[in-house]
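Structure record follows, encoded as structure tokens.
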Amino acid sequence: MYKIYSVESRKGGVGKTTVALNLAKALVDQDYDVLFIDCDITGTPLTSAACHSPFWKDIVKPLTLNASGSNLIHFFEEDYLRGGGLEMGMADLLELEKGKVHLMGSEIYDSNGKLIIDPRLLMDDMHSHWFVEMIIEMVDAFCAKSKSEKCAVILDNSPGYVGIGKSIREWLTSEGCD
């Protein structure tokens, strides 16, 4: 069992990521194992930004999903949609570290600025449903690996739930979240 915190706003640039990161840090300070999922596919390249920040670099731990690192979009496009990934032992890939915010970023561009996946794909119902299905499997794998009774998931959402919003809302509603 885990707690889910969804940080959202219809407007961009209002501090959702800052609030979400600080909430994650507060939960880590209370001995929670925390998984931070950046669902803002077109926003700040969070994994890179947090790892280079003097404050956050010692607090966050990007989770490696495959050779490309911790980018959920790249993993979705290269592995998940092609039938690989989670069913092949995702929990074994996760290296959890106590006292860290475990981070999964979601960038539609790679580190060279090349488009990984067309964002219009994530805005259609089927792809967004599959993307959130993948996130749910990752959350379950993270919490199973953690074996802690104090496990939390932070979702840093796109403004107005752009793209995967409907599927995230359906997931949260099915979990009993308001």
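Placing 10, 120 in order of accessible area, with the largest value first and a 1.4 Å probe, yields 10, 120. Cross-link partners for residue 25 among the aspartates and glutamates, with Cα-Cα distance under 20 Å and sequence neighbours closer than 8 places in the same chain left out: 8, 33, 38, 40, 58, 95, 97, 149, 156.
In a fully extended conformation the segment linking residue 173 and residue 19 would gain 53.2 nm over its present Cα-Cα distance, using 0.36 nm per residue. Rolling a 1.4 Å probe across the protein heavy atoms gives the range 101-155 an accessible surface of 47 Å² per residue. Taking each of 98/166; 61/166; 100/147; 61/150; 3/147; 100/150 in turn, the alpha-carbon distance tops 25 angstrom for 98/166; 61/166.
Extending 7 Å from the Cα toward the beta-carbon at both residue 57 and residue 110 defines two label points whose distance is 2.5 nm. Ranked by solvent-accessible area (1.4 Å probe, protein heavy atoms only, all chains present), the residues 130, 56, 171 order from largest to smallest as 130, 56, 171. Stokes-Einstein D for the range 102-167 at 20 °C, 1.002 mPa s, Kirkwood Rh over Cα pairs, in µm²/s? Rounded, D is 159 µm²/s.
Taking Lys and Arg as +1 and Asp and Glu as -1, the other residues whose beta-carbon sits under 10 Å from that of residue 27 total 0.
The values are calculated or read from the model by the stated rules, or taken from the named source; none is laboratory data. Source: prediction; values computed, not measured. Counting neighbours? That spans all protein chains shown, and the Cβs are built from the backbone with ideal geometry, glycine included. To get the accessible areas, we keep the full protein, side chains included, count just its heavy atoms, and leave off ligands, DNA and RNA. Shrake-Rupley method; radii C 1.70, N 1.55, O 1.52, S 1.80 Å.
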